[in-house]
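Q: Just passing along the structure, written as C-alpha cells.
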Amino acid sequence: MSSYFDNLDNAFLAHFCRRLSDLISEQGTKITESYGVTTPSTAISSIYFLEQNHGVTVAELASALEVTHQMATQRINTLESLGLVCRKPNPMDKRAKMIHLTDLGKQEAVKLKPLTKNMSQVFNELNQQIECDIVAKVRLAEQALIDKPLLQRLNELHNR
C-alpha cells in the first residue's frame, strides 16, 4: 500500500521544496558542527557577504542575498547573538546601523572556506548522481515564476 505522501503530485511542489530545504539545512547543521563552525548553515552566505563588504546595512544585505528585510534581520540577529557580527552607527543615516563582522566572525569566515569548497564538490556529485544541476534548475524555475506568476498561469489554464 502506498502512503498518502507518495501520491502527492506537482501541485505540492512547495511542500517538496520545503522538505528538501529543511533536509539540506538539518544535514548542513551537523556538518558545520563537525567543522567547529558556529554559523548556521542558512547564514553562511551572510558571513561571506559581510566579509567581502565591510559595513553594510540590513537593507543592503537583504538586497544582495535577494531575501526579505525581515529574513536578513533574523539572520543578523542570530549572528549577533553568536558574537559573529556587531552593529555600529551609520555616519550617513542615523536610523540605520552598519553591520560588521567581529574578530570572531572573521575567524569564522576563514573556517568556512574549506567547508564551502567541499560542499560545492558534494553538490556537484549529487548533481551528477541525479543528472540535474539543481541550483540552475531552481534558479530557472524561480525566474520563470517571477516572469509569469502562478496566478497568471492558472488564469491562462482556465481560459483555454
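The values are calculated or read from the model by the stated rules, or taken from the named source; none is laboratory data. The model shown is predicted, which means the values in this text are computed figures rather than measured ones. Don't worry about glycine lacking a Cβ; one is built from the backbone with ideal geometry, like all the others, and counts go over all protein chains shown.
Q: Exactly one of (1) on the phi < 0 side of the Ramachandran plot; (2) out of contact with any Pro (no Cβ under 8 Å at 6 or more places or on another chain); (3) in contact (Cβ under 8 Å) with a residue 40 or more places away in the chain; (4) outside any helix (DSSP H, G or I) is unmet by G36. Its number?
A: Against the list (1) on the phi < 0 side of the Ramachandran plot; (2) out of contact with any Pro (no Cβ under 8 Å at 6 or more places or on another chain); (3) in contact (Cβ under 8 Å) with a residue 40 or more places away in the chain; (4) outside any helix (DSSP H, G or I), G36 comes up short only on (1).
Q: From the list E80, E60, exactly one residue is farther than 16 Å from T116 by Cβ, at pLDDT 95 or above, in contact with a Cys (Cβ under 8 Å, 6 or more places away or on another chain) and charged (D, E, K, R). Which is it?
A: Sole residue among the options that is farther than 16 Å from T116 by Cβ, at pLDDT 95 or above, in contact with a Cys (Cβ under 8 Å, 6 or more places away or on another chain) and charged (D, E, K, R): E80.
Q: If you take the residues in segment 58-75 that are without any contact (Cβ under 8 Å) to a residue 12 or more places away in the chain and either assigned to a helix (DSSP H, G or I) or touching a Lys or Arg at 6+ places or on another chain (Cβ under 6 Å) (or both), which one is surrounded by the most Cβ atoms within 10 Å (Cβ to Cβ)?
A: Among those residues, the one meeting the criterion is A62.
Q: On to the next question. With Q107, Q143, Q152, Q129 as the choices, which residue is closer than 30 Å to R87 by Cβ, assigned to a helix (DSSP H, G or I) and out of contact with any Ser or Thr (no Cβ under 8 Å at 6 or more places or on another chain)?
A: Going through Q107, Q143, Q152, Q129 in turn, just one is closer than 30 Å to R87 by Cβ, assigned to a helix (DSSP H, G or I) and out of contact with any Ser or Thr (no Cβ under 8 Å at 6 or more places or on another chain): Q107.
Q: Pick from segment 6-53 the residues that are charged (D, E, K, R) and either closer than 24 Å to D103 by Cβ or under 17 Å from the mean Cα position of the chain (by Cα) (or both): which of them is surrounded by the most Cβ atoms within 10 Å (Cβ to Cβ)?
A: E51
Q: Residues to consider are L154, L84, L150; find the one that is of a type outside the set (K, R) and touching a helix residue (DSSP H, G or I) at 6+ places or on another chain (Cβ under 7 Å).
A: Exactly one of L154, L84, L150 is of a type outside the set (K, R) and touching a helix residue (DSSP H, G or I) at 6+ places or on another chain (Cβ under 7 Å), namely L84.
Q: Out of segment 96-125, which residues are aliphatic (A, V, I, L, M) and either in contact (Cβ under 8 Å) with a residue 24 or more places away in the chain or at positive phi (or both)?
A: Listed by number, the residues that qualify are A96, M98, I99, L101, A109, L112, L115, M119.
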